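Trainee: The following block contains the structure, expressed as structure tokens.
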């Protein structure tokens with residue numbers, strides 16, 4: 001009987017959970033169905049009152065024995081934390097409708113105090129069902145949908161408070177007949193809520209697409225590089241890099257301002273702001289660059305600055321799976337340096353002794369591997385020939401007596 005009653009109580013609890021907030025947010029939803037809401041509201045109130053009486057008469061175990069004494073049952077119920085929420089949920093806040101009107105369902109938010117009964121219903125159902133795992137998954141999905149649903153309602157309420165169409169964030173102006181429809185309002189807000197809660201938002205500006213050497217790179221490489229970006233924070237006056245330093249990272253300004261200063265640290269040549277980047281060519285290690293792999297300017301933080309850093313090691317690690325992209329980046333970097341007359345073509349075309357040495361070592365390693373494989377193949381072939389000869393000898397030994405018998 002208790003579970004059956006709990007099922008009945010769960011219905012109005014779920015009703016209030018799902019509809020009180022949208023009714024308070026969407027004025028049309030409340031105003032268009034006043035009689036329906038009055039019937040459902042006061043029916044749920046009656047069930048709430050009866051449930052409070054039932055709970056004060058529900059037995060409990062004490063030292064393994066079922067307690068049925070009415071006085072003890074009342075004392076036990078009053079000692080529970082849920083008793084306070086049950087009392088709060090029964091306060092007749094509807095009296096506020098008299099001066100303010102019925103189209104203010106937010107006065108009934110205290111009815112959400114009965115949510116514990118809904119959760120109790122879920123817990124008991126899970127123990128009674130033959131498929132508890134499926135029930136848990138369904139329960140989790142339901143919680144997610146409720147959060148999305150509430151978030152959509154809150155978004156519309158905030159838009160109403162800030163002014164519809166006042167900026168690009170809020171809900172569009174409802175004077176547009178299409179945007180003023182109730183179904184369109186809810187679907188729009190539900191879409192916004194789902195998109196907001198299921199994504200981390202846009203990649204904070206700037207994205208790697210804005211960096212000139214990465215503009216034509218495939219999406220897979222860009223995603224891998226974005227995951228390798230390291231956030232860094234600089235205080236006012238901090239140097240991000242100094243002229244002549246070895247360039248091991250490139251930087252992208254997420255937020256803040258950086259000044260390109262002279263060697264005296266006072267004279268400012270220019271100021272870089274949100275979305276700017278620098279050091280992209282230094283991490284490519286392009287042969288023939290007149291600057292080598294060193295910084296060509298002093299860059300200092302004007303205020304507090306948030307930057308993203310991509311190290312040379314992380315870039316090269318990502319490019320191991322994209323050899324074509326590595327070649328394309330180097331070629332693009334060379335073209336940029338040639339355009340700015342910052343590359344020595346003769347030096348760039350000159351073979352790098354270290355690179356040549358690495359190639360020779362790779363070839364030697366490959367030759368050793370091939371030699372080992374060839375030796376193994378010869379050994380296997382010799383073994384195979386010996387087995388074939390043995391089988392032929394065995395066959396000859398079997399056939400020879402037969403020939404002698406025929407003779």
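One line per residue, one yes/no per condition, for (1) surrounded by 12 or more Cβ atoms within 10 Å (Cβ to Cβ); (2) more than 45 Å from the chain's Cα centre (by Cα):
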| site | (1), (2) |
| --- | --- |
| 37 | yes, no |
| 44 | yes, no |
| 52 | yes, no |
| 56 | yes, yes |
| 61 | no, yes |
| 65 | no, yes |
| 72 | yes, yes |
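Trainee: Within segment 344-362, track down each residue that is at pLDDT 65 or above and surrounded by 12 or more Cβ atoms within 10 Å (Cβ to Cβ). Outline the logic, then answer.
Mentor: Of the residues in segment 344-362, the ones at pLDDT 65 or above are 356-362.
Selection gives 359 alone.
Trainee: Now, a different point. Taking into account only those residues within segment 273-296 that are under 28 Å from the mean Cα position of the chain (by Cα), in a loop (DSSP other than H, G, I, E, B) and closer than 22 Å to residue 339 by Cα, which is modelled with the lowest pLDDT?
Mentor: 280
Trainee: State which residue is modelled with the highest pLDDT when the search covers only segment 246-269 and only residues that are over 24 Å from residue 332 (Cβ atoms) and loosely packed, with under 15 Cβ neighbours inside 10 Å.
Mentor: That would be 262.
Trainee: With respect to the numbered conditions (1) assigned by TED's automatic domain parsing to the domain that holds residue 23; (2) in contact with a helix residue (DSSP H, G or I) (Cβ under 7 Å, 6 or more places away or on another chain), which one is the sole condition not fulfilled by residue 157?
Mentor: Condition (1) is where residue 157 drops out.
Trainee: If you don't mind, there's one more thing I want to ask. Output the number of the condition that residue 270 fails; it satisfies all remaining conditions of (1) within 24 Å of residue 207 (Cβ to Cβ); (2) assigned to a strand (DSSP E or B); (3) in contact (Cβ under 8 Å) with a residue 24 or more places away in the chain.
Mentor: (3)
Trainee: Do you know which of the residues in segment 227-243 that are within 18 Å of residue 298 (Cα to Cα) and assigned to a loop (DSSP other than H, G, I, E, B) is nearest to the chain's Cα centre (by Cα)?
Mentor: Ranking the candidates gives 235 first.
Trainee: Does segment 244-261 include one or more residues that are within 32 Å of the chain's Cα centre (by Cα), assigned to a strand (DSSP E or B) and farther than 26 Å from residue 317 by Cα? Walk me through it before giving the result.
Mentor: Taking segment 244-261 as the starting set, the residues that turn out to be within 32 Å of the chain's Cα centre (by Cα) are 247-258.
Okay, now just the ones that are also assigned to a strand (DSSP E or B), so 249-255, 258.
After this cut, where a residue has to be farther than 26 Å from residue 317 by Cα as well, the list is 255, 258.
Checked segment 244-261: at least one residue is within 32 Å of the chain's Cα centre (by Cα), assigned to a strand (DSSP E or B) and farther than 26 Å from residue 317 by Cα.
The values are calculated or read from the model by the stated rules, or taken from the named source; none is laboratory data. These numbers were taken from a predicted model, which means no experiment stands behind them. Every residue, glycine among them, receives a Cβ derived from its backbone with ideal geometry; neighbour counts consider all protein chains shown.
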